[in-house]
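Data first, discussion second: the structure below is written as structure tokens.
The values are calculated or read from the model by the stated rules, or taken from the named source; none is laboratory data. Being a predicted model, the structure only gives us computed values, none of them experimental. Note that each Cβ is placed from the backbone with ideal geometry, even for glycine, and that neighbours are counted across all protein chains shown. Surface areas here come from the heavy atoms of the whole protein model, side chains and all, with no ligands, DNA or RNA. Shrake-Rupley method; radii C 1.70, N 1.55, O 1.52, S 1.80 Å.
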Amino acid sequence: MTVLREAEKAPGSLVIRRPARPRLARFFNKTLPESLGPRLILILMCALFLLPFWSMATAALKTTQELSTFPPTFFPQSFAWGNFSRAVNYIPFGTFFMNSVYLTFWIALGAAISNPLIAYGFSRINWPGRDVVFGIVMATIFIPFPVLIVALFDIFARLHWIDTFLPMIIPAFFGNPFFIFLMRQFFLGLPNEISEAARIDGANELQTFMYIILPLARPAVAVVVIFAAVAAWGEFLAPLLYLQDESKYPLSIGLQFYRQEHDVSYNLLMAASTLIVIPVVALFLAFQRFFIEGVTVGSVKG
Amino acid sequence: MSLLSRRGWKASLVFASIVLAACGGGGTSTAPPLAGCNSGTTQATFWTSHTPPDSDSLKHIVDAFNKQSTTTCVKLVQVPGSETDIAKLTTAVRSGTGPDVYMLDRFTVAERAAAGVLTDLSAYGASSLASNFVSFAWAEANFKGKPYALPFDTDTRALYYRKDLLQAAGVDISALDPAKGPPTIDMIRTMANKVNHKTGGAYDVVGFIPYINQGWHYTWGFAYGGSFFDAASCKVTPNDPKIVQAFKDMFYDWDKALGVDAVQTFLSSYSPPNQPAQQDPFLQGHLGFVVTGDWVLGQIATYKPDLAYGVTYIPVPHAGDAPATWAGGWSMVIPKGAKNDKGGYEFMKYITGAEGQKVYTKETQHTPTIKSLASDSSLFPGQHQFFINQLPAAHSRPPLPVGAFYWDQLSTAQDAAVRNTADPATALKAAADATNAKLSAFCPLT
Amino acid sequence: MNAAPRFHLTKADRRNLRTAAPFILPWVIGFFAFTLYPIVYSLYLSFNRYSGIGDAQPVGLSNYRHLTSDPLFWKSLWNTLYYTGLAVPIGLVVAIVLALAMNQRVREVAIYRAAIYLPSILPLFALTFIFIVLLNPRFGFVNYLLTLAHGPEINWLGDQRWTKMSVVLLAQLGAGGPALIFLASLRAVPSDLYESAALDGAGALRRFRHITLPLITPVILYDLIYGTILGVQIFTPAYIPVGGTSGGAAYTAGPDNSLLFYVFYLYKNAFQYSDMGYASAMAWVLFVISVVLALAIMRWSKYWVYYEAA
């Protein structure tokens, strides 16, 4: 307090005249300039990354007439909110939506359960041949999917799983090499001392996994869940091949209905795409808390 | 051990929920009979990749069929995704989960028949229907002398022109009256060049770009009187001198005259891929002429009904040459292993017959392949009549077991000629060699 | 990294195997049930001529021999490797930059994170339509920015020299995903390391180079491998911008087939030309190339990856 009053007397000083509270002073003198730089950069980045969405959302609001204007206008001249209801009625949107939700939930769950478990076995336990077998895990990704389609379809047909959701859900519970690799890298980055400490305390591997390692890996697991969910939400080829009843189609297939042989219902497609994005954004906002909480490994890493 | 029981618990929980999920998602075998089915009918599934509004018309026909059939009830299933169609069909057919009737691009019938995906229809007496259909359509539906498909709809191509743009540039459009027969390419070139316009060094209006939209290799090859396949030697002949000449005139030289890069920029600016129809450069006044199909009539009616345009024959190299166009379109097939093939055939006969095609033509303004319908002018309002009149003289692409591959080879050669990266003769010879290498495994074809 | 001789398992080895087994069991089951058979089947097919239905005819090595003389095979391979060589490093840099941005201590950072991540969850099908509009040489936003910077007017999708770069740009819209992974690893770096470095007088750039970078190398390796695998298998982003479907037929895959990527060409052979044998041969060639690439990256990684454990 005293310091401020004295500074007030000095002519031409840069200190803000008599701020009401020290916190406010700190905000203007320290926090704002420090965060202004990053803020500007962030805002710029966001503008760039939001551009496609802006384009999509404005196209969704344009009337069919306005779509004729070329080059496309940046801002819709009139807001055709009716496009959203038209888009939703053009195809069985609600049914497709629920199908997508159902698929995404189970696939994300499968990914969350299986991948950390498998990755633990490949990273925190030293067993003979581990790296060779892990090499095989990674090798499987290198076979492009189109080549496996035919044989894979045969297997599912024999199991009578065609025209059900099973061919997409069940494999998610058996690990995905990408996610296994990701979690493994993460686990390898955690120091041996943690596991040692747990072992000395008498925990078996499963307990070490569930109560020590897994909580530390929450950001990575969150990432796996988000990735698996997003991938499932947009999965196109698998549902196309395995589903034969329209009432089971997910939204990713549903979007195809907006395309005709020689044309595309552009504004309806964009309206539908905008709607589709909302649940995924919600999911993301919900899960990104894990990042905010952060991981304080510092105490052990030291 | 506690470890196992803990894990066992979790595993069984997961397993139980999966089983429950499966119960929620399956169960087609015990589905109740479809509404609108007469009692005592067996179900037949019909797959199509068409989307609304075309599929709506198909639904109407299906409903009408179901009403009058005492043996079969058809369930229409939309399986969208055009290129991946055959992936879905192939995998489904090989494991016995395929449909009974499938709507297939007629151009690919020979290919799919050669691959063993389709059922020979002669067993059902399809050969007796041959005379009902336009000849080129029936030819496409056969492979090695056997019918594998029943033709459904078709489409032809013609030259559209903008009356307003041409007249503003001082062109006498009466010369384009179809009654005068097909115009010559030279005449079109002169007219088109009057319309070319640049702003700031870049084109914003181009009179005529022959190779866009439906100006394919086949289009100009046929216009020049070339032949793409020689049945006697079982070889494709894209290096037929007439086709080479067509490539040289309409692709290589034409683009060079306009400026290769300038045209490419124009196309990327005004005609980018997957553009919605209402932004089409012809509708928007950036093109004076364009070779395209009869479906554009409907698009004009929807998006720019007051457009001042005309339609005439695709131009020919010499005055007095016969007009030429080619036709595509769809067909109905029965995939191998269909469970209700007889019911499927009954439906196929109906939808590709006069009754079904009449409804489809009326509702979608596509062109029918049934000869008897071609003379019913009430079905073809306005300019559509011109396209119908072209049918007798329309070509179809040679039905080959390597049809798709041949098309891609021709397109690659076309692209090289357009960009002036290879001379037409060389490019087409390469296409011939590559295709014949693949084709030889299937020869002889008759 | 242990390497116990194969048939000489110590007691400790056996015990470790027993404890690890239940963990990796799901993968093992999935591998035998869903992966092994299709992989072996595709290898078998590569020595046959097969349309997808009916009988397969053995043809020995002729599919592989035919590959060597197929100009489109070489073109698609070149296109894919060129694209991967561009996309992986660029993607890596973009992802790290984004992650650093997402890591800033700004109040409303959650909103910025969501905004940056948003494009990677937009349906790719619709997004490609948008991107085509943005890449329009005369009216598109990207060229507008270029003209402001006195750059050339690039015909992104019409000029064969730039088409792959267009796909690289489109791919960067999805950089939000890898950025999240880097964000997770950035958050795992203990803050006291930064604090002590700052006290020692290290600036932001030095702190990044000597603390952050080494500690995120495991994730960089992951991104390199992941990016390379995705890169060589690229399919959809090329297929949609090019899918001109007039009359049901498509033009070349991009100008001068510059967007004919390997897996797309493979797919065409399998399902458009009904030549599954040839497609399978292509798949195995890709497999060998990918394994070589991955091994090379892994070997190279020994020089710069820093693991805390093992």
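Against the condition part of a loop (DSSP other than H, G, I, E, B) and of a type in the set (A, V, I, L, M), how does B:Ile243 come out, does it pass?
On the way: part of a loop (DSSP other than H, G, I, E, B): no; of a type in the set (A, V, I, L, M): yes.
In short, no.
For residues that are at the interface with chain C (Cβ under 7 Å from one of its Cβ atoms) and touching a residue at least 40 places away in the same chain (Cβ under 8 Å), scanning just the range A:106-145, find the one that is farthest from C:Gly277 (Cα to Cα).
Looking only at the range A:106-145, we keep the residues that are at the interface with chain C (Cβ under 7 Å from one of its Cβ atoms), and these are A:114, A:117-118, A:120-122, A:125-128, A:131, A:137-144.
Filter once more, so that each one left must be touching a residue at least 40 places away in the same chain (Cβ under 8 Å): A:114, A:117-118, A:120, A:122, A:125, A:137-138.
On the way: A:Ser114: 34, A:Leu117: 37, A:Ile118: 34, A:Tyr120: 38, A:Phe122: 35, A:Ile125: 41, A:Val137: 25, A:Met138: 24 Å.
Only one residue fits best here, namely A:Ile125.
Let's see how each residue does on (1) within 25 Å of the chain's Cα centre (by Cα); (2) not aliphatic (A, V, I, L, M):
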| residue | (1), (2) |
| --- | --- |
| A:Ile143 | yes, no |
| A:Pro146 | yes, yes |
| A:Arg158 | no, yes |
| A:Gln185 | yes, yes |
| A:Asn204 | no, yes |
| A:Glu235 | yes, yes |
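For the range A:76-94, state whether one or more residues are over 25 Å from A:Gly234 (Cβ atoms), out of contact with any Phe, Trp or Tyr (no Cβ under 9 Å at 6 or more places or on another chain) and surrounded by 16 or more Cβ atoms within 10 Å (Cβ to Cβ).
Taking the range A:76-94 and keeping what is over 25 Å from A:Gly234 (Cβ atoms), we get A:76-82.
In the following step, the residues that additionally are out of contact with any Phe, Trp or Tyr (no Cβ under 9 Å at 6 or more places or on another chain) were identified as A:76-82.
Among the residues that remain, those that are also surrounded by 16 or more Cβ atoms within 10 Å (Cβ to Cβ) are: A:76, A:80.
Yes, that holds for at least one residue.
Mind counting the residues in the range B:90-149 that are surrounded by fewer than 22 Cβ atoms within 10 Å (Cβ to Cβ), among the small types (Gly, Ala, Ser) and more than 25 Å from B:Val77 (Cα to Cα)?
10
Counting only residues that are aliphatic (A, V, I, L, M) and open to solvent by 20 Å² or more (accessible area, probe 1.4 Å), which one in the range B:56-76 is nearest to the other protein chains (Cβ to nearest Cβ)? Quick ask: steps written out before the conclusion?
Filtering the range B:56-76 down to residues aliphatic (A, V, I, L, M) leaves B:58, B:61-62, B:64, B:74, B:76.
Then drop every residue that is not open to solvent by 20 Å² or more (accessible area, probe 1.4 Å), which leaves B:64, B:76.
Details: B:Ala64: 20, B:Leu76: 9 Å.
Filtering first and then ranking leaves B:Leu76.
Could you tell me which numbered condition B:Met332 fails, if it satisfies all but one of (1) away from chain A (no Cβ under 14 Å); (2) open to solvent by 20 Å² or more (accessible area, probe 1.4 Å); (3) outside any loop (DSSP other than H, G, I, E, B)?
(2)
Residues in the range C:86-107 that are more than 9 Å from chain A (Cβ to nearest Cβ) and free of Cβ contacts under 8 Å to residues at least 24 places away in the same chain: how many?
So the count comes out to 2.
For B:Gly298, all conditions in the list (1) open to solvent by 50 Å² or more (accessible area, probe 1.4 Å); (2) small (Gly, Ala, Ser); (3) within 25 Å of A:Tyr266 (Cα to Cα) hold save one; what is the number of the exception?
Evaluating B:Gly298 over (1) open to solvent by 50 Å² or more (accessible area, probe 1.4 Å); (2) small (Gly, Ala, Ser); (3) within 25 Å of A:Tyr266 (Cα to Cα) leaves (1) as the failure.
Return the only residue of B:Pro32, B:Pro80, B:Pro53 being more than 10 Å from chain A (Cβ to nearest Cβ), modelled with pLDDT under 90 and under 30 Å from B:Glu355 (Cα atoms). Before the answer, list the steps.
Details: B:Pro80 fails: more than 10 Å from chain A (Cβ to nearest Cβ); B:Pro53 fails: more than 10 Å from chain A (Cβ to nearest Cβ).
The conditions single out B:Pro32.
Within the range B:205-225, take every residue that is open to solvent by less than 10 Å² (accessible area, probe 1.4 Å) and of a type in the set (Gly, Ala, Ser) and give me the one that is farthest from B:Met187 (Cα to Cα).
Within the range B:205-225, the match that is farthest from B:Met187 (Cα to Cα) is B:Gly221.
Out of A:Val300, A:Val295, which single residue is in a helix (DSSP H, G or I) and at pLDDT below 75? Walk me through it before giving the result.
Details: A:Val295 fails: in a helix (DSSP H, G or I).
Every option except A:Val300 fails the conditions.
Which fully enclosed helices (runs of 4 or more DSSP H) of the range C:132-226 have 1 or more residues being over 24 Å from C:Ser120 (Cβ atoms) and of a type outside the set (A, V, I, L, M, F, W, C)? Break it down into steps so the answer makes sense when it comes.
Working: elements: C:141-148, C:163-172, C:176-187, C:191-199, C:204-207.
Ranges flagged: C:141-148, C:191-199, C:204-207.
One residue is enough: does the range C:126-133 have a residue meeting the conditions modelled with pLDDT of 85 or more and closer than 19 Å to B:Asp204 by Cα?
No, that holds for no residue.
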